[in-house]
Amino acid sequence: MVQKKMKKKLPVGIENFAELRKEDFYFVDKTGMIQDLLNAWGKVNLFTRPRRFGKTLNMSMLKCFFEIGCDQTLFDGLAISKETELCEAYMGKFPVIFISLKSVSGLTYDIARTVLCSQIGKEALRFHFLLESDHLTEQEKEMYRRLVHVDAKNVEYFEMTDSMLMESLNLLSTLLYRHYSQKVIILIDEYDVPLAKANENGYYDQMVALIRGLFDQALKTNDSLHFAVMTGCLRVAKESIFTGLNNPNVISILSTRFDEYFGFTDEEVKGMLKYYGLTEQYGAVREWYDGYRIGNKDIYCPWDVINYCYELMDDPDAAPKDYWSNTSGNDIVRHFIEMQGSGVTRGEIEALIAGESVIKEIREELTYNQLYDSVDNLWSVLFMTGYLTQRGSAGESSYCLTIPNREIRRIFTRQILTMFKEGVSKDGETLKAFCDALISGDAAETERLFTAYLSQTVGVRDTFVRKPIKENFYHGILLGILGFKGDWYVRSNRESGDGYSDILIEAEDEEIGIIVEVKYADRGNYEAALQKAFDQIEDNHYEDELRREGYETIYKYGIACYKRKCRAARL
């Protein structure tokens with residue numbers, strides 16, 4: 001019997017290149033980045049990309065390629081292996097220092113500083129052979145001991161003075177250069193996380209001074225440096241931490257160079273889906289996770305594609321989810337929506353949710369303590385962090401911005417609904433009036449009050465966005481209102497997928513059942529939408545369920561919505 005060949009494992013959460021290759025995970029080949037990095041030479045190279053776009057994996061790949069003693073078989077069959085002269089000249093030829101700053105955070109400066117000491121100290125420990133090096137003097141070995149803090153009993157701990165911490169990467173580079181007689185490559189992943197966390201927790205100025213000193217010595221005044229590569233979400237202003245650094249090579253999401261190396265291209269996604277027998281899901285994957293414009297390439301978020309494929313392998317009927325939003329807070333979207341009337345118009349938010357573009361000037365260089373200082377800065381941050389993308393230039397520094405895909409649109413609408421629900425909870429009088437109108441069968445008053453609610457929030461523009469998505473938005477608003485009626489049992493027969501079908505309410509104390517069907521009224525055709533709602537209620541026999549629960553009095557409502565208006569009627 002011929003056994004079926006097992007498929008490669010999907011690399012969910014795998015950011016270590018060596019592990020990915022050794023353990024036979026599926027790998028989208030990005031090794032062409034190595035050749036381009038060497039050809040487009042820069043002493044210090046900074047790549048800025050949104051979170052979960054493969055930055056850490058690419059940095060791990062660079063480490064595995066350049067580092068002395070690397071396992072060269074990891075690159076067998078990959079694109080870079082065909083560049084034999086380049087591999088002979090560069091593969092396994094350099095000492096490499098690789099630190100990730102993604103975990104350098106804390107509620108206080110001292111905690112974050114301790115984590116930074118630990119990260120650098122642990123990396124320094126990888127080079128313990130320096131203590132036995134014939135190329136280092138005893139004084140230099142003592143400097144290494146102070147860097148890793150190995151005490152008389154060989155117990156390792158990481159404590160450094162500020163001056164020692166700022167000098168640490170420069171010192172480690174010097175010692176490695178002395179040992180190997182080869183200049184060092186420095187890789188710094190997620191370089192701006194300490195600044196973001198410091199800004200959130202109130203010690204920004206202290207962290208800026210520390211990071212500036214560290215980078216100044218490691219990247220500017222380091223004669224042992226061959227080149228450096230850094231990654232992050234934002235291009236932090238030069239005057240903040242890169243003071244005096246000569247012409248860093250910044251490759252942002254607007255750069256055409258390296259545009260295909262972070263995230264998946266359409267061809268790569270099609271290849272993955274074909275490999276796993278999921279070609280039929282291409283449309284859903286594209287609608288939900290494509291749409292990012294990086295340089296001249298249309299790019300998918302790799303985190304989303306991999307996670308969705310993983311779920312599909314277990315459940316072929318699995319619906320797409322917004323995996324990306326669960327990897328971090330989305331406070332910036334809330335800040336943006338709250339800026340209505342302070343520089344952001346409700347029309348602009350509605351246009352974005354409808355899939356339209358808004359022209360805005362983009363500032364690529366910011367400091368974290370300025371992110372929310374102005375609306376212009378906020379537009380730029382939304383763009384650089386992946387909540388918005390560009391659909392072409394509109395003049396010097398100005399771009400046509402839009403929400404990239406359905407996943408991000410859902411983040412926006414969910415935040416709008418959350419904020420709406422918070423507002424509803426503060427207006428108990430209107431909430432009571434609306435519920436009283438429903439339970440008394442007063443369609444006219446229900447219509448008046450629901451229209452008043454709609455006027456307070458962002459509406460849905462009459463554009464190409466699919467009707468179920470529009471209905472889903474209005475349905476969510478209605479559920480948000482009804483959720484505060486504690487003595488009613490409110491349920492929706494379908495709360496996922498393209499939209500909601502209906503709402504069933506059991507008002508046990510009043511012995512009344514209520515059915516509500518929400519429809520979107522195309523071009524304001526309320527009558528047609530109401531008729532469709534009534535037909536659906538009748539055709540699907542929604543009242544049977546309430547009858548089985550013992551309700552004799554049942555009100556059947558159709559609510560047709562268009563922009564920020566509605567029409568309500570009873571069947």
Can you find, within segment 517-557, the residue that is most open to solvent (accessible area, probe 1.4 Å) among those that are in a strand (DSSP E or B) and not aromatic (F, W, Y)? T553
Subset of segment 439-463, residues open to solvent by 50 Å² or more (accessible area, probe 1.4 Å), under 26 Å from F336 (Cβ atoms) and outside any helix (DSSP H, G or I), comes to Q456, R461, D462
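Kindly evaluate A196 against the criterion of being modelled with pLDDT under 95, open to solvent by 10 Å² or more (accessible area, probe 1.4 Å), within 28 Å of I362 (Cβ to Cβ) and of a type in the set (A, V, I, L, M, F, W, C). Working first, answer last.
Numbers: modelled with pLDDT under 95: yes; open to solvent by 10 Å² or more (accessible area, probe 1.4 Å): yes; within 28 Å of I362 (Cβ to Cβ): yes; of a type in the set (A, V, I, L, M, F, W, C): yes.
So A196 passes the test.
Would you please name the residue that is nearest to I253 (Cα to Cα), looking only at residues in segment 217-243 that are in a strand (DSSP E or B) and open to solvent by 10 Å² or more (accessible area, probe 1.4 Å)? Give the derivation first.
Applying the first criterion (in a strand (DSSP E or B)) to segment 217-243 yields 225-232, 235-236.
From what's left, open to solvent by 10 Å² or more (accessible area, probe 1.4 Å): 226, 235.
Numbers: H226: 25, R235: 10 Å.
So, considering only residues that are in a strand (DSSP E or B) and open to solvent by 10 Å² or more (accessible area, probe 1.4 Å), the one nearest to I253 (Cα to Cα) is R235.
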Of L225, L219, L245, L214, which residue is within 26 Å of E67 (Cα to Cα), at pLDDT below 90 and of a type outside the set (S, T, N, Q)? L245
Which of (1) of a type outside the set (S, T, Y); (2) free of Cβ contacts under 8 Å to residues at least 40 places away in the same chain; (3) in contact with a Ser or Thr (Cβ under 7 Å, 6 or more places away or on another chain) is the odd one out, the single condition L234 does not satisfy? (2)
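One line per residue, one yes/no per condition, for (1) of a type in the set (A, V, I, L, M); (2) closer than 30 Å to Y289 by Cβ:
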position: N39; (1), (2): no, no
position: L46; (1), (2): yes, yes
position: T56; (1), (2): no, yes
position: V104; (1), (2): yes, yes
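Rundown of residues vs (1) modelled with pLDDT under 90; (2) open to solvent by 10 Å² or more (accessible area, probe 1.4 Å); (3) touching a His at 6+ places or on another chain (Cβ under 8 Å), yes/no style:
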| residue | (1), (2), (3) |
| --- | --- |
| N369 | yes, yes, no |
| D376 | yes, yes, no |
| M384 | no, yes, no |
| Y387 | no, no, no |
| R391 | no, yes, no |
| I408 | no, no, no |
| L417 | yes, yes, no |
| K432 | no, yes, no |
| D436 | no, yes, no |
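Only one of Y292, Y372, Y387 is touching a strand residue (DSSP E or B) at 6+ places or on another chain (Cβ under 7 Å) and hydroxyl-bearing (S, T, Y); which?
On the way: Y372 fails: touching a strand residue (DSSP E or B) at 6+ places or on another chain (Cβ under 7 Å); Y387 fails: touching a strand residue (DSSP E or B) at 6+ places or on another chain (Cβ under 7 Å).
Exactly one of Y292, Y372, Y387 is touching a strand residue (DSSP E or B) at 6+ places or on another chain (Cβ under 7 Å) and hydroxyl-bearing (S, T, Y), namely Y292.
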Is it the case that segment 308-318 has a residue that's within 13 Å of the chain's Cα centre (by Cα) and open to solvent by less than 30 Å² (accessible area, probe 1.4 Å)? no
Qualifying strands (runs of 3 or more DSSP E) (wholly inside segment 269-384; at least 2 residues being free of Cβ contacts under 8 Å to residues at least 60 places away in the same chain): 297-300, 358-361
Which of the residues belonging to segment 279-305 are open to solvent by 20 Å² or more (accessible area, probe 1.4 Å) and more than 22 Å from G355 (Cβ to Cβ)? T279, E280, W303
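Inspect all residues belonging to segment 4-16 and state whether any of them is in a helix (DSSP H, G or I) and within 30 Å of S325 (Cβ to Cβ). Spell out the reasoning first.
First, the residues of segment 4-16 that are in a helix (DSSP H, G or I): none.
Within segment 4-16, none of the residues are in a helix (DSSP H, G or I) and within 30 Å of S325 (Cβ to Cβ).
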Any chance you could count how many residues in segment 305-355 are within 18 Å of L371 (Cα to Cα) and of a type in the set (A, V, I, L, M, F, W, C)? 6
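Out of segment 31-41, which residues are open to solvent by 10 Å² or more (accessible area, probe 1.4 Å) and either part of a loop (DSSP other than H, G, I, E, B) or of a type outside the set (G, A, S) (or both)? Quick ask: steps written out before the conclusion?
Here is the first cut: in segment 31-41, the ones open to solvent by 10 Å² or more (accessible area, probe 1.4 Å) are 32, 35-36, 38-41.
Within segment 31-41, Q35, D36, L38, N39, A40, W41 qualify.
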If you take the residues in segment 52-75 that are closer than 16 Å to E260 by Cα and charged (D, E, K, R), which one is surrounded by the fewest Cβ atoms within 10 Å (Cβ to Cβ)? R52
Kindly indicate the residue of segment 393-406 that is under 16 Å from R286 (Cβ atoms) and touching a Phe, Trp or Tyr at 6+ places or on another chain (Cβ under 9 Å) and also modelled with the lowest pLDDT among those meeting that condition. R406
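Being within 30 Å of T161 (Cβ to Cβ), assigned to a helix (DSSP H, G or I) and either modelled with pLDDT of 95 or more or touching a helix residue (DSSP H, G or I) at 6+ places or on another chain (Cβ under 9 Å) (or both): is that true of T56 here? Please lay out each step first, then the result.
On the way: within 30 Å of T161 (Cβ to Cβ): yes; assigned to a helix (DSSP H, G or I): yes; either modelled with pLDDT of 95 or more or touching a helix residue (DSSP H, G or I) at 6+ places or on another chain (Cβ under 9 Å) (or both): yes.
Yes.
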Pairs returned, first residue in segment 189-211 that is at positive phi, second residue that is not in a loop (DSSP other than H, G, I, E, B), beta-carbon separation under 8 angstrom, 6 or more apart or interchain, are E190/K55; E190/T56; E190/S100; E190/T231; E190/G232
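What about E123, is it acidic (D, E) and open to solvent by less than 60 Å² (accessible area, probe 1.4 Å)?
Working: acidic (D, E): yes; open to solvent by less than 60 Å² (accessible area, probe 1.4 Å): yes.
Yes: the conditions hold for E123.
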Give me a count of the residues in segment 251-268 that are open to solvent by less than 60 Å² (accessible area, probe 1.4 Å) and either under 20 Å from T31 (Cβ atoms) or in a helix (DSSP H, G or I) (or both). 12
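The values are calculated or read from the model by the stated rules, or taken from the named source; none is laboratory data. Fair warning: this is a prediction, and the values are worked out from it, not measured in the lab. Every residue, glycine as well, gets a Cβ built from its backbone with ideal geometry; the counts of neighbours run over all protein chains shown. Quick note on the areas: whole protein, heavy atoms, side chains included, nothing else; ligands and nucleic acids left out. Shrake-Rupley method; radii C 1.70, N 1.55, O 1.52, S 1.80 Å.
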